[in-house]
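Working notes, beginning with the structure itself.
The values are calculated or read from the model by the stated rules, or taken from the named source; none is laboratory data. Computed from a predicted model, the values in this text were never measured in an experiment. No Cβ is skipped: glycine too gets one built from the backbone with ideal geometry, and neighbour counts run over all protein chains shown. Surface accessibility is based on the protein's heavy atoms, side chains included, excluding ligands, DNA and RNA. Shrake-Rupley method; radii C 1.70, N 1.55, O 1.52, S 1.80 Å.
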Amino acid sequence: MTADPTMARIGQGVELNHGHGRREAARELFAQIWDEIGGEQGDPLHVCVLAHSMADVQDDVRQELMWDLRALAAVGSVTDERVAEAGVPLSVAGLYPSLHLNLSECYRKLGDLDRAREHLRQAQDRIGALGDDGYGRLIKDGLERIAAQLDASPPPSP
């Protein structure tokens, strides 16, 4: 259980999406929270986690990319102290692999394989920040999957 009420509400939206398959309900809740926190002007931790979660409920990959880029922009202003204060069981460094994984996937879907490979490399470079737990394995498995997909894609033209 998180000590931060906004993080708890974001968690409820994640559960709506991943636990109950209610993407639209999750998207509506995330939009409401986004307005309440002041959008990109809000607490960087809230902006990062909410934008990252909002990306997961988008139907259009360009919208997903926009939200993931917002999350990446916000994470640079998040501190380990703020993460701990909110009751999040990760360090700031542990947020980066998932952010870069999702960006890699977005760029792959859009056919921008150079950017997809760059974000995959950045995620792989930071994988050591993840623990050997369910979350860490989920991200590592995702990185292996996208690496295989990108290896199967034709290399960029010279």
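Could you identify the single residue in ASP80, ASP56, ASP151, ASP125 that is in contact with a His (Cβ under 9 Å, 6 or more places away or on another chain), acidic (Asp, Glu) and over 24 Å from GLU28 (Cβ atoms)?
ASP125
Restricting to the stretch 1-26, name every residue that is of a type outside the set (S, T, N, Q) and open to solvent by less than 40 Å² (accessible area, probe 1.4 Å).
Listed by number, the residues that qualify are ASP4, MET7, ALA8, ILE10, GLY11, GLY13, LEU16, ALA25, ALA26.
Using beta carbons and a limit of 8 Å, which pairs, at least six apart or on different chains, have the first residue in the stretch 39-60 and in contact (Cβ under 8 Å) with a residue 60 or more places away in the chain and farther than 14 Å from VAL75 by Cβ and the second one among the charged types (D, E, K, R) and in a loop (DSSP other than H, G, I, E, B)?
No pair meets every condition.
Report the residue count in the stretch 27-50 for those that are among the small types (Gly, Ala, Ser), open to solvent by 30 Å² or more (accessible area, probe 1.4 Å) and part of a helix (DSSP H, G or I).
Matching residues across the stretch 27-50 total 1.
Would you please list the contacts, defined by Cβ atoms under 8 Å and residues six or more apart or on different chains, that run from a residue in the stretch 1-22 that is in a loop (DSSP other than H, G, I, E, B) to a residue that is loosely packed, with under 14 Cβ neighbours inside 10 Å and not β-branched (Val, Ile, Thr)?
Pairs that qualify, where the first residue is in a loop (DSSP other than H, G, I, E, B) and the partner is loosely packed, with under 14 Cβ neighbours inside 10 Å and not β-branched (Val, Ile, Thr), are MET1/ALA8; MET1/GLY87; THR2/ALA8; THR2/GLY87; ALA3/GLU85; ALA3/GLY87; ASP4/GLU85; ASP4/GLY87.
Take LEU110 and decide whether it is more than 14 Å from the chain's Cα centre (by Cα) and in contact (Cβ under 8 Å) with a residue 40 or more places away in the chain.
The answer is yes for LEU110.
Here is a check on your reading of the model: is LEU69 assigned to a helix (DSSP H, G or I) and either closer than 20 Å to ALA116 by Cα or touching a Ser or Thr at 6+ places or on another chain (Cβ under 8 Å) (or both)?
Against the criterion (assigned to a helix (DSSP H, G or I) and either closer than 20 Å to ALA116 by Cα or touching a Ser or Thr at 6+ places or on another chain (Cβ under 8 Å) (or both)), LEU69 qualifies.
Anything in the stretch 51-64 that is open to solvent by 40 Å² or more (accessible area, probe 1.4 Å) and not basic (Lys, Arg)? List them, or say none.
ASP56, ASP59, ASP60, GLN63
Report yes if some residue within the stretch 105-123 is assigned to a loop (DSSP other than H, G, I, E, B), open to solvent by less than 50 Å² (accessible area, probe 1.4 Å) and either among the aliphatic types (A, V, I, L, M) or in contact with a strand residue (DSSP E or B) (Cβ under 7 Å, 6 or more places away or on another chain) (or both); otherwise report no.
Looking through the stretch 105-123, none of the residues is assigned to a loop (DSSP other than H, G, I, E, B), open to solvent by less than 50 Å² (accessible area, probe 1.4 Å) and either among the aliphatic types (A, V, I, L, M) or in contact with a strand residue (DSSP E or B) (Cβ under 7 Å, 6 or more places away or on another chain) (or both).
Without any contact (Cβ under 8 Å) to a residue 24 or more places away in the chain, open to solvent by 50 Å² or more (accessible area, probe 1.4 Å) and closer than 24 Å to ASP141 by Cβ - does that describe any residue in the stretch 75-90?
Yes: the stretch 75-90 contains one or more residues that are without any contact (Cβ under 8 Å) to a residue 24 or more places away in the chain, open to solvent by 50 Å² or more (accessible area, probe 1.4 Å) and closer than 24 Å to ASP141 by Cβ.
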